[in-house]
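Everything on this sheet refers to the single structure shown next.
The values are calculated or read from the model by the stated rules, or taken from the named source; none is laboratory data. Only a predicted model underlies this, so the values are computations on that prediction, with no experimental measurement involved. Note that each Cβ is placed from the backbone with ideal geometry, even for glycine, and that neighbours are counted across all protein chains shown.
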Amino acid sequence: MGNVPTTVKHCLSYEQLIQDYPWLRRWLQEEKVGVVQPASDDSTITGHEYPEFVKIVEVGPRDGLQNEKEIVPTGVKIQLIDMLSRTGLPVIEATSFVSSKWVPQMADHTDVLRGIQRAPHVRYPVLTPNMQGFQDAVAAGATEVAVFGSASETFNKKNINCSIDESMVRFEEVINTAKEQQIPVRGYVSCALGCPYEGHIEPSKVAEVAKRLFEMGCCEISLGDTIGVGNPGSMFKMLQSVMKEVPTSALAVHCHDTYGQALPNILTALQMGVCVVDSAVAGLGGCPYAQGSSGNVSTEDVLYMLHGMGIETGVNLAEVIEAGDFICNALCRKTNSKVGQARGRTL
Amino acid sequence: MAAVMRLVNRGSAMGQQYLAFSSAAKVRAACVRDGPALPEKVKIVEVGPRDGLQNEKTIVPAETKIHLIDLLSESGLTVIEATSFVSPKWVPQMADQVEVMKGICRKPGVSYPVLAPNLKGFQAAVKAGASEVAIFGAASELFSKKNINCSVDESLQRFDEVMRAAKEAGVPVRGYVSCVLGCPYEGKVAPEKVAHVAKRLYSMGCYEISLGDTIGVGTPGSMTQMLEAVSREVPVSALAVHCHDTYGQALANILVALQMGISVVDSSVAGLGGCPYAQGASGNVATEDVVYMLHGLGIQTGVDLSKLMTAGAFICRSLNRKTNSKVAQATCKL
């Protein structure tokens with residue numbers, strides 16, 4: 001905007017900017033940037049109520065890395081999780097106990113789970129698609145697991161080679177066994193806002209699957225916009241439907257940023273009372289359905305928004321950026337996080 | 001997972017499905033629990049050819065600029081900021097301002113405003129056929145000084161001349177306020193300061209005030225605070241938001257602005273124009289991504305997303321760069 005005389009070019013270097021304007025480093029490091037000082041209620045913006053606290057579920061080490069082409073060495077995965085453990089993130093999805101035939105990136109699941117330094121007050125759920133996976137996970141020390149349902153029959157068939165009903169039977173076994181061992185289970189519903197095969201997904205179908213998982217015993221249901229096609233309109237409709245069947249406090253949103261809609265979709269979810277958000281450091285993980293496109297929303301960008309709205313997360317943004325830098329350098333790739341890019345430290 | 005990976009090559013076909021999918025999800029929901037309804041229509045002000053190209057390093061030939069604007073004119077956009085009548089010494093990209101202005105095919109019903117930083121620029125613009133101009137104020141004193149070498153008050157006095165000449169000539173004037181959510185020099189900018197500058201521009205005769213998050217640091221929190229202050233001084237119907245996506249916040253900021261009654265949004269095709277203050281970072285929000293969101297909300301824009309993406313693909317090929325639009329990345333092979 002406006003003219004940009006050459007005199008301004010000295011601002012192009014981040015290091016120079018920090019030197020000249022120390023407030024900028026504080027700005028990036030502060031827990032709250034642009035804190036809202038609302039006239040009335042503490043958590044009201046534009047007549048909406050927002051949660052005072054949002055729990056971030058960091059899925060970078062699992063969902064993120066799972067969709068990266070480069071196989072990441074076990075040591076790097078462990079270091080990434082250890083760095084994330086120090087940022088204040090309350091939940092870090094560590095790995096996935098699926099067959100390495102399907103997901104080679106997660107072949108080292110046992111080594112990763114055993115190798116990480118578990119921080120107190122941080123939970124490390126792992127994916128367990130079936131009983132075999134669950135047993136392996138528990139043997140490796142897992143104290144929380146997750147199962148993956150879908151709102152789309154076709155996606156389910158193509159992804160795990162069975163119908164939604166058949167997958168529920170599988171999950172029920174896992175959930176019942178987990179209950180016996182007092183291991184909490186999180187349920188995912190993929191294709192909540194659209195399916196690469198079926199296209200539009202009825203909100204009522206999402207609600208039905210969410211309800212089933214919740215009633216089977218999942219403590220939290222994460223609703224995933226798997227291909228990132230959702231928008232604030234479809235997010236609203238879907239959540240309206242799901243909230244009739246599952247308490248809002250048990251819901252999370254897992255937005256992909258493939259069409260750039262993740263943050264407004266998350267904002268919409270917050271306006272409807274959802275207070276758990278999944279994200280991936282550095283926006284790790286492309287979208288397998290749209291080559292070259294982004295996938296997971298990046299944790300840094302989510303944090304920036306939440307903190308700017310005065311919403312607490314307990315997470316230190318600067319430290320997440322550092323973890324993002326680390327994994328991007330290890331992957332020899334640029335960060336997908338806009339906050340990370342603006343800082344200019346990565347490749 | 002193997003089945004999943006076979007889909008990688010279906011990207012483009014599936015993308016087309018999703019363009020249709022987005023507009024088919026015609027949700028009329030207000031998307032709020034208790035807040036006000038969203039506008040039924042939003043006017044997009046396309047700033048790619050000016051604000052976008054101005055911040056691109058590669059100097060683009062006049063014919064390319066003209067072709068871009070002509071493609072945009074066919075996409076349903078009703079306002080396309082064509083060029084800038086500033087001195088080429090400051091902005092070499094806009095040196096071909098007259099040639100561009102005279103070369104474009106002006107579609108009926110489409111307006112082609114140009115920037116006019118002073119009386120000289122205004123006169124040159126009118127001579128070249130401009131029928132609408134824009135002037136640029138700042139909410140930050142330091143930014144004004146560093147950018148145009150005078151204080152905010154002095155810049156407004158300069159614009160007075162332009163306003164008088166424009167009134168006489170019957171030429172509408174749009175006012176921009178930059179740094180509304182933060183300044184690269186001053187840091188935080190008081191909402192009251194933004195309101196003060198917006199009010200001055202409006203009282204001087206600007207028909208619309210575009211509030212610019214110049215360095216993209218704003219969030220829904222600061223956007224709300226700022227709009228609350230400004231809308232106390234300028235009617236909401238005369239306000240527009242110009243969001244930069246440098247920190248990925250643009251669409252979320254635009255959404256809260258819509259929820260506060262704003263119905264004019266500036267954006268740039270393919271997200272043209274980096275941020276000069278953060279090397280490698282993005283700048284303007286991409287028109288394609290804005291339109292995708294608005295259509296998904298059931299809001300009319302009159303824009304054909306496919307034709308818009310054609311224009312975006314064209315300019316990216318010409319600039320030999322990738323698009324900054326996520327929608328374009330997801331649906332095209334670029």
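So here's what we get for this one:
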| item | result |
| --- | --- |
| Failed item, numbered, when A:I71 is tested on (1) more than 21 Å from the chain's Cα centre (by Cα); (2) modelled with pLDDT under 95 | (1) |
| Tally of residues being facing chain B (nearest Cβ under 9 Å) and at pLDDT 95 or above across the range A:324-337 | 1 |
| Top-ranked residue of the range A:219-272 - restricted to ones that are within 14 Å of A:V189 (Cβ to Cβ) and more than 18 Å from the chain's Cα centre (by Cα), ranked as surrounded by the most Cβ atoms within 10 Å (Cβ to Cβ) | A:M238 |
| Subset of the range A:201-244 (residues that are of a type in the set (V, I, T), out of contact with any helix residue (DSSP H, G or I) (no Cβ under 6 Å at 6 or more places or on another chain) and more than 29 Å from B:V291 (Cβ to Cβ)) | A:V209 |
| Condition check for A:A318: within 18 Å of B:G248 (Cα to Cα) and not in a strand (DSSP E or B) | yes |
| In the range A:171-194, the residues that are out of contact with any His (no Cβ under 7 Å at 6 or more places or on another chain), touching a residue at least 40 places away in the same chain (Cβ under 8 Å) and either in a loop (DSSP other than H, G, I, E, B) or within 14 Å of chain B (Cβ to nearest Cβ) (or both) | A:Q181, A:I183, A:P184, A:S190, A:C191, A:A192, A:L193 |
| Residue list for the range B:98-134, filter: in contact with a Pro (Cβ under 6 Å, 6 or more places away or on another chain) and acidic (D, E) | B:E132 |
| Search result, residues across the range A:73-87 that are surrounded by fewer than 20 Cβ atoms within 10 Å (Cβ to Cβ) and touching a strand residue (DSSP E or B) at 6+ places or on another chain (Cβ under 9 Å) | none |
| Where a residue in the range A:230-245 is within 19 Å of A:G260 (Cβ to Cβ) and its partner, wherever it lies, is acidic (D, E) and crowded, with 24+ Cβ neighbours inside 10 Å, with Cβ under 9 Å and at least six apart | A:S234/A:D225; A:M235/A:D225; A:M238/A:D225 |
| Index of the failed condition, A:N159 passing every other in (1) out of contact with any Ser or Thr (no Cβ under 6 Å at 6 or more places or on another chain); (2) within 27 Å of A:M83 (Cα to Cα); (3) not hydroxyl-bearing (S, T, Y) | (2) |
| A:Q105 being over 19 Å from the mean Cα position of the chain (by Cα) and over 20 Å from A:E319 (Cβ atoms) | no |
| Checklist (1) in contact with a Pro (Cβ under 8 Å, 6 or more places away or on another chain); (2) buried (at least 23 other Cβ atoms within 10 Å of the Cβ); (3) not aromatic (F, W, Y) applied to B:A95, failing item | (2) |
| Residue satisfying all of: in the range B:130-155; closer than 14 Å to B:G175 by Cα and in a loop (DSSP other than H, G, I, E, B); nearest to the other protein chains (Cβ to nearest Cβ) among these | B:A139 |
| Which numbered condition A:S163 fails, given (1) of a type in the set (G, A, S); (2) in contact with a strand residue (DSSP E or B) (Cβ under 9 Å, 6 or more places away or on another chain); (3) over 21 Å from A:E220 (Cβ atoms) | (2) |
| Scope the range B:156-185; condition at the interface with chain A (Cβ under 10 Å from one of its Cβ atoms) and touching a Gly at 6+ places or on another chain (Cβ under 8 Å); matching residues | B:Y176, B:V177, B:S178, B:C179, B:L181, B:G182 |
| Filter result (within 13 Å of chain A (Cβ to nearest Cβ) and either modelled with pLDDT under 95 or at positive phi (or both)) within the range B:294-320 | B:G298 |
| Condition check for B:V180: part of a loop (DSSP other than H, G, I, E, B), of a type in the set (A, V, I, L, M) and in contact with a strand residue (DSSP E or B) (Cβ under 9 Å, 6 or more places away or on another chain) | yes |
| Residues being in a helix (DSSP H, G or I) and either within 14 Å of chain B (Cβ to nearest Cβ) or touching a Leu at 6+ places or on another chain (Cβ under 9 Å) (or both) - total across the range A:110-136 | 1 |
| Check on B:A195, small (G, A, S), more than 10 Å from chain A (Cβ to nearest Cβ), in contact with a strand residue (DSSP E or B) (Cβ under 7 Å, 6 or more places away or on another chain) and outside any strand (DSSP E or B) | no |
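A quick yes/no check of all residues on (1) facing chain A (nearest Cβ under 9 Å); (2) at pLDDT 95 or above; (3) touching a His at 6+ places or on another chain (Cβ under 9 Å):
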{"residue": "B:G205", "(1), (2), (3)": "no, yes, no"}
{"residue": "B:G221", "(1), (2), (3)": "yes, yes, yes"}
{"residue": "B:V236", "(1), (2), (3)": "no, yes, no"}
{"residue": "B:G248", "(1), (2), (3)": "yes, yes, no"}
{"residue": "B:V265", "(1), (2), (3)": "no, yes, yes"}
{"residue": "B:V269", "(1), (2), (3)": "no, yes, no"}
{"residue": "B:Y277", "(1), (2), (3)": "yes, no, no"}
{"residue": "B:G280", "(1), (2), (3)": "yes, no, no"}
{"residue": "B:V285", "(1), (2), (3)": "yes, yes, yes"}
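Yes/no per residue for (1) modelled with pLDDT of 95 or more; (2) surrounded by 19 or more Cβ atoms within 10 Å (Cβ to Cβ); (3) of a type in the set (D, E, K, R); (4) over 19 Å from the mean Cα position of the chain (by Cα):
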position: B:S151; (1), (2), (3), (4): no, no, no, yes
position: B:Q157; (1), (2), (3), (4): no, no, no, yes
position: B:A166; (1), (2), (3), (4): yes, yes, no, yes
position: B:V180; (1), (2), (3), (4): yes, yes, no, no
position: B:C183; (1), (2), (3), (4): no, yes, no, no
position: B:A195; (1), (2), (3), (4): yes, yes, no, yes
position: B:K199; (1), (2), (3), (4): yes, no, yes, yes
position: B:V217; (1), (2), (3), (4): yes, yes, no, no
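This table checks each residue for (1) farther than 23 Å from B:L181 by Cα; (2) touching a Cys at 6+ places or on another chain (Cβ under 7 Å); (3) modelled with pLDDT under 95.
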site	(1), (2), (3)
A:S279	yes, no, no
A:G283	yes, no, no
A:C287	yes, no, yes
A:T299	no, no, no
A:E322	yes, no, no
